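Comments concern the structure below.
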Amino acid sequence: MTDTTRPPIRTFKPRRRPLTPERQALFDRLAPELCVDEHGDPFDPVAVFGRRAPLLLDVGIGFGDALTEMAAAEPQHDLIGCDVHTPGVASTLARIETMGLTNVRLLHGDALVFAQRLAPGSLSGIRIFFPDPWPKARHRHRRMASEANVDRFARLLEPGGVLHLATDIADYAVHAERVCAGHPELVGGVIDRPDWRPVTRYERKGLAAGRDIVDLLYRRVT
Ligand SMILES: C[S@@+](CC[C@H](N)C(=O)[O-])C[C@H]1O[C@@H](n2cnc3c(N)ncnc32)[C@H](O)[C@@H]1O
């Protein structure tokens, strides 16, 4: 079993792009209300959302199109969308406000660090749609679907909770399938693309380039 108490390996490339003054003002206005902290006490969903509802983690939201679409379509769920990319988080904040969503919060930071605030078994689902591919062999250890990270995610799922990963990178799909299949508490595999999953921005690029999309879905079976 992986030692998940070790600090997570960075799965993203830091990109420092300043916001326009207008976007910065929007960020400063909305983040205190809609963002959760990367570090802190154990996460209390009832204090944050004002109710107890099945909790979903969306890891790597990009510009948040799919996250906000899912939050609107699934009012019975509370969602936390995570990304380190500031312009993407700012766009998502704007969309949350425009759409009047009350069941979504954002983590502007490393999802794997924030995950340390979550209680084991506290999530009903984890969605990882089009994680960074890290195609070079020497960077493979940075993939989100590493053994250590899949083990971290599995521990956060309630029994019956679902880990759903989608990718347009054939080699990533094979790698993720092998890692998930090797986890003693996950059962599942490749599924047909579910109709409810919004087409994400990165997925659209993959489709335009003629790549096949693979959806992998695993349930925690403890
Ligand atoms: C290829 S993009 C896909 C975005 C979106 N899911 C889509 O399909 O359009 C992957 C995203 O994951 C984010 N990311 C990678 N590692 C992360 C981490 N540890 N915590 C939060 N976000 C992360 C990146 O910043 C990037 O925005």
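The values are calculated or read from the model by the stated rules, or taken from the named source; none is laboratory data. On a predicted model such as this, the values are computed, not experimentally measured, just so you know. Virtual Cβ from ideal backbone geometry, glycine too; neighbours counted across all protein chains shown.
For the range 94-133, the set of residues classified as more than 8 Å from the ligand (Cβ to nearest atom), in contact (Cβ under 8 Å) with a residue 12 or more places away in the chain and at positive phi consists of GLY121 only.
Is it the case, given these coordinates, that ASP78 is in contact with a strand residue (DSSP E or B) (Cβ under 6 Å, 6 or more places away or on another chain), crowded, with 17+ Cβ neighbours inside 10 Å and without any contact (Cβ under 8 Å) to a residue 40 or more places away in the chain? Yes: the conditions hold for ASP78. For the range 201-213, check the following and say yes or no: at least one residue is over 17 Å from the mean Cα position of the chain (by Cα) and either modelled with pLDDT under 95 or more than 16 Å from the ligand (Cβ to nearest atom) (or both). Yes: the range 201-213 contains one or more residues that are over 17 Å from the mean Cα position of the chain (by Cα) and either modelled with pLDDT under 95 or more than 16 Å from the ligand (Cβ to nearest atom) (or both).
Taking each residue of the range 56-72 that is of a type in the set (S, T, N, Q) and looking for partners that are within 11 Å of the ligand (Cβ to nearest atom) with beta-carbon atoms closer than 8 Å, six or more apart or interchain, yields THR68/THR92. Pairing residues of the range 179-196 that are modelled with pLDDT of 95 or more with residues that are assigned to a strand (DSSP E or B) and among the hydroxyl-bearing types (Ser, Thr, Tyr), at Cβ distances under 6 Å and at least 6 apart in sequence or on separate chains, gives CYS180/TYR218; LEU186/TYR218; GLY188/TYR218. Looking at the range 9-27, can you tell me whether even one residue there is within 14 Å of the ligand (Cβ to nearest atom), modelled with pLDDT of 95 or more and either surrounded by 19 or more Cβ atoms within 10 Å (Cβ to Cβ) or assigned to a helix (DSSP H, G or I) (or both)? Within the range 9-27 (the criterion being within 14 Å of the ligand (Cβ to nearest atom), modelled with pLDDT of 95 or more and either surrounded by 19 or more Cβ atoms within 10 Å (Cβ to Cβ) or assigned to a helix (DSSP H, G or I) (or both)), the answer is yes, since at least one residue qualifies. Counting the residues of the range 174-200 that are under 18 Å from the mean Cα position of the chain (by Cα) and acidic (Asp, Glu) gives 1.
Name the single residue, out of those in the range 46-66 being more than 16 Å from the ligand (Cβ to nearest atom) and assigned to a helix (DSSP H, G or I), that is farthest from PRO32 (Cα to Cα). Per the criteria, the residue is VAL46.
Assessment of the range 145-162 against the conditions (acidic (Asp, Glu) and over 19 Å from the mean Cα position of the chain (by Cα)) yields no matching residue.
Please go through the range 157-178 and give me each residue that is part of a helix (DSSP H, G or I) and surrounded by fewer than 21 Cβ atoms within 10 Å (Cβ to Cβ), ordered by number. Listed by number, the residues that qualify are ALA170, ASP171, ALA173, VAL174, HIS175, GLU177, ARG178. Residue-level analysis places ALA166 outside the set of residues that are among the aliphatic types (A, V, I, L, M) and without any contact (Cβ under 8 Å) to a residue 12 or more places away in the chain. When PRO159, PRO131 are checked against the criterion of being more than 25 Å from LYS13 (Cα to Cα), in contact with a strand residue (DSSP E or B) (Cβ under 9 Å, 6 or more places away or on another chain) and not aromatic (Phe, Trp, Tyr), a single residue qualifies: PRO159.
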